[in-house]
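No lab work stands behind these numbers, since they all come straight from the coordinates. Bear in mind the structure is a predicted one, so any value in this text is a computation, not a measurement. No Cβ is skipped: glycine too gets one built from the backbone with ideal geometry, and neighbour counts run over all protein chains shown.
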Amino acid sequence: MKVQEIREIIRLIDQTSIDEFVFEKEGTRLEIRRGTAKGSLESPATPAQDAVKEPLAAVEPPRPAPAPEPAPAQSSEAKEPAAKDDVSYQKITSPMVGTFYKASSPEDDPFVKAGDKVGKESVVCIVEAMKLFNEIEAEVSGEIIEVLVEDGQLVEYGQPLFLVKPE
């Protein structure tokens, strides 16, 4: 396996949300894992493979760094209001991975905004997953304190979307 092929694979994987990738070709095994900053080649050792390991290690470390950067920005935004009175706020979280939409269409008003009162069955947003638009209900009665995500932002399962001060 050529170094250029490995770099191309790394570049392609970097553009996805894949956390672990294993590729085998002609007795060479390439494993790439996010967050560990390690890529390894496993097969009977040959000088060519040893030479490939060094460029892979050099290319690999920058990839994990961008992933953590957005998360602290979101979590710091979420922690500011929570730090004021952490016990009294509840979070409305995403029940799935998808795209967050604050309104049913770009021309419509948002379902809710900071300061709005919601009931347990109030629709607060839509999460699109695989071309299906899922209405998300508050499941708690109270006042929306803060919207934690931006319209059109990708959200993860369990990610906080809103802070609510329960009634």
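Annotations
- In the stretch 116-164, GluC sites (Glu not before Pro) in a DSSP loop with at most 16 other beta-carbon atoms within 10 Å: Glu121, Glu139, Glu150, Glu156
- Sites Glu26 and Tyr157 - FRET efficiency at Förster radius 35 Å, r taken between beta-carbons, to 0.05: 0.40
- Approximate spin-label separation Ile18-Arg33, in nm, with each point projected 7 Å along Cα-to-Cβ: 1.6
- Cα-centred dipole magnitude for the stretch 110-156, charges only on beta-carbon of K, R (+1) and D, E (-1), debye, nearest 20: 100
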